[in-house]
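Below is one structure; the comments refer to it alone.
The values are calculated or read from the model by the stated rules, or taken from the named source; none is laboratory data. Every value quoted in this text rests on a predicted model; they were computed, and no experiment measured them. Note: ideal-geometry Cβ built from the backbone for every residue, glycine included; neighbour counts use all protein chains shown. For the accessible areas, the whole protein counts, side chains as well, though only heavy atoms, and no ligand, DNA or RNA atoms are used. Shrake-Rupley method; radii C 1.70, N 1.55, O 1.52, S 1.80 Å.
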Amino acid sequence: MTTSTLTKTAEFQNGTMFATAEDMLYVLQLNGSWFEMGQQYGALAGKHMQAMYDVIVQPEFDKGLISQADAFELFGSRVFEALSLRRKQYFQGVADSLNWPVEKVVVLDQSGPMAIYLGKLHSFSGCSSLATWGENTVNQNTMIGRNMDWNELFLDFPVYATVYNPTDGSNGVVNVSWPGWTWFVTGFNDKGVYTDLHDGTSMGGNIVSIEKPSFLNSVFDYMTESNTAEALSARFQASRTDVASIWMVADQNGQACAYENTIQENRKRVSDKGASSFATVNTFLNPDWGLGKRETLSFSLKRFDNLNARHDEQAGRINTQTMRDIFDLPLYEADGSFKENGGVTKPINQDVDLTNYQVVADLNDLQMWVKLPALGSESDWAHVDVKSLFKQS
């Protein structure tokens, strides 16, 4: 079962906020220049952004972990000055609309890396992703499933599916994230190119390189400029990240890979020859690292095996409903034991994190479904017709 009704709740300039049937899920459609879309985002998301700032950022100052001045310098102006013109214009637009210093906007955006820098997070998340295509799917389209696993703290904030329709000739993109976190987390562009973030700190170290630009924001740029997974992959090859991370890359042509990144280097992991599916979790699986297969606190290898097994059971019959069914399967039984023939989803925290949101997408038809499983059994998959939202109003 899914819901698909979008109800317009607010407008600002050429931007619109829609409510969905899920109380904590909103869809934003932004249109215009990057500065104008920043203004629209700030006006529509300001209330939720302030709530995020009050819970995620302000306590760092109150507890003396870092001063506001140092945070605004290290994770505000330093990051801002190294951004592309596109991202600078966007953040300046958000700041203009909110009447915030631009440093405050960027610090909220970078509060995840800042928490790692302060030594407070064991990881970004324990996520799971699957791409499948060709003979595995009923229409040969490329299907994506993704769990974003993290912290109970984020259950207090809504999830945004934000559609950007730029007028400068760059690609339209949709990004699923929390208010004020506008670096690229989970989503695709209007050419059917997809990427998502997985924690890499368990493998690459809980370190932030403050001498490098924000790779999280660089990926946003890459998505606005890359028309194929191959083109996006080339951008990853030429970059170094400021925080250890893993990214799955896929497109509507049935191409998929992952980048396993430390602050020193990036390594590409590809699927087996002839394979038409690809799974990613938050452990380094490229054998060239020489690490062997290493389990994580969030049981990455167990999730990896479950995801591949459940996929293979449905190979040849997979559509977006089948993918949603796979991602509805829990990892654990109620008593904390692993579920027999289980999946990857954690509606409650039974190890070190839980599943905050899930995304299923068809990259050829540009359709998306989002679910917030940690909100309980009443939560359902909400359908978002991204293709229609990519049409500029």
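Amide H of N364: which non-local residues (sequence gap of 5 or more, or other chain) have their own amide H closer than 5 Å, using H built in the peptide plane? Correct list: T142.
Ranking E225, E211, E60 by solvent-accessible area of protein heavy atoms (1.4 Å probe, all protein chains present), from largest to smallest, gives E211, E225, E60.
Highest-first packing order for the peptide set 335-346, 350-361 is 350-361, 335-346, based on the mean count of other beta carbon atoms within 10 Å. As a length-normalised measure over Cα pairs under 8 Å and 6 or more apart, the relative contact order of the range 45-137 settles at 28 percent.
For the range 315-354, the Cα gyration tensor yields ellipsoid semi-axes of 23, 11, 6 Å (square root of five times each eigenvalue, largest first, whole Å).
Accessible area per residue for the range 245-326 is 43 Å², calculated with a 1.4 Å probe on protein heavy atoms, without ligands, DNA or RNA. Here the relative contact order of the range 243-322, from alpha carbon pairs under 8 Å that lie six or more residues apart, stands at 19 percent. Y160 sits with roughly 0 Å² accessible to a 1.4 Å probe, with DNA, RNA and ligands left out of the calculation.
Taking the Cα centre of the range 253-393 as origin and assigning +1 to Lys and Arg Cβ atoms and -1 to Asp and Glu Cβ atoms, the resulting dipole is close to 440 debye.
Relative contact order of the chain, taken over Cα pairs closer than 8 Å and 6 or more residues apart, is 18 percent.
Summary of packing: across the peptides 166-172, 187-193, the per-residue average of other C-beta atoms within 10 Å ranks them, highest first, as 187-193, 166-172.
Restricting the calculation to Cα atoms, the chain yields a radius of gyration followed by a Dmax of 19.4, 56 Å. Long hydrophobic helices in the chain: none of the complete DSSP H runs spans 27 Å or more by Cα along its own axis with mean Kyte-Doolittle hydropathy of at least 1.6. For the range 1-57, the gyration tensor built on C-alpha atoms gives an oblate shape. Its axis ratio a/c (a ≥ b ≥ c) is at least 1.5, and a/b is not larger than b/c.
Local charge sum around D335 (other residues, Cβ-Cβ under 15 Å, Lys/Arg +1, Asp/Glu -1)? Surrounding charge for D335 is -1. By accessible area, using a 1.4 Å probe on protein heavy atoms only, the chain has 46% of its surface on carbon and sulfur. In this structure, the residue pairs whose Cα-Cα separation is over 20 Å, taken from K346/K371; K273/K387; K8/K391, are K273/K387. At q = 0.11, 0.20 Å⁻¹, what is the log10 ratio I(q)/I(0) for the range 249-393, with the Debye formula run over Cα points and no solvent? For the range 249-393, the Cα-only Debye profile gives -0.50, -1.43. From its DSSP helices (H runs of at least four residues, each -39,500 (n - 2.57)), the chain gives a residue-normalised ellipticity at 222 nm of -8000 deg cm²/dmol.
Working note: Karplus 6.51/-1.76/1.60 with θ = phi - 60° gives the range 351-366 the couplings 9, 10, 7, 9, 8, 6, 8, 10, 9, 10, 9, 10, 6, 7, 8, 6 Hz, where Gly and Pro are set to x.
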